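The values are calculated or read from the model by the stated rules, or taken from the named source; none is laboratory data. These numbers come from a predicted model, not from an experiment. Don't worry about glycine lacking a Cβ; one is built from the backbone with ideal geometry, like all the others, and counts go over all protein chains shown. Surface areas here come from the heavy atoms of the whole protein model, side chains and all, with no ligands, DNA or RNA. Shrake-Rupley method; radii C 1.70, N 1.55, O 1.52, S 1.80 Å.
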Amino acid sequence: MPAVRPVLERGPATYTVSSAVTGGQLVMPDTGTPGTIKTATAGATTVLGVAADDANTAAAAAAAPLNFASVRPEVAVYGGPEEVVVTAAAAVAFGQKVQAAANGQVTPYVNTNSADWIIGRCTDPNGIASAGKGRIKQIGRASCRERV
């Protein structure tokens, strides 16, 4: 039997966006446009990771072909277990587990929710203030869940 090689050994995966995405936002699959991603919504359990850069749709690229800063229709997504900087919708304490909030942000995990809602843990020694930026160590695969 031949050996099987992984599709991606290191580095982020790349996805096409269905709407504008800003670097540092949580992203999820867009079920309305299969095969694409969008900014994660509050309580999303299908978070793929954190967008590495800004991206916009192919239609936006056609409308402004020289604006390279915001019109790439693909974006790299860090899917875990990387440590990334994100924006918090509410204050998050150092060491606290986090879940998706609106607009691709994070919020403290509510333990009455399913563990599927956990996307990482705050690793910023100062925590993250509400509307502030800070570090989280994300999980991306079921095998990583035990490490959170």
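Looking across Thr31, Thr41, one residue alone is surrounded by 15 or more Cβ atoms within 10 Å (Cβ to Cβ) and either modelled with pLDDT of 95 or more or part of a loop (DSSP other than H, G, I, E, B) (or both). It is Thr41.
Just a yes or no: is a residue in segment 1-21 modelled with pLDDT of 90 or more, surrounded by 18 or more Cβ atoms within 10 Å (Cβ to Cβ) and assigned to a loop (DSSP other than H, G, I, E, B)? Within segment 1-21, one or more residues are modelled with pLDDT of 90 or more, surrounded by 18 or more Cβ atoms within 10 Å (Cβ to Cβ) and assigned to a loop (DSSP other than H, G, I, E, B). Of all residues in segment 79-118 being touching a Cys at 6+ places or on another chain (Cβ under 7 Å) and small (Gly, Ala, Ser), which is least open to solvent (accessible area, probe 1.4 Å)? Among those that are touching a Cys at 6+ places or on another chain (Cβ under 7 Å) and small (Gly, Ala, Ser), it is Gly80. Pairing each residue of segment 74-88 that is within 13 Å of Val47 (Cβ to Cβ) with any residue that is open to solvent by 60 Å² or more (accessible area, probe 1.4 Å), provided the two are 6+ apart or on different chains, yields C-beta distances under 6 Å for Val77/Tyr15; Val84/Tyr78. Screening segment 50-78 for residues that are modelled with pLDDT of 85 or more and open to solvent by less than 20 Å² (accessible area, probe 1.4 Å) and picking the one that is farthest from Val17 (Cα to Cα) gives Val50.
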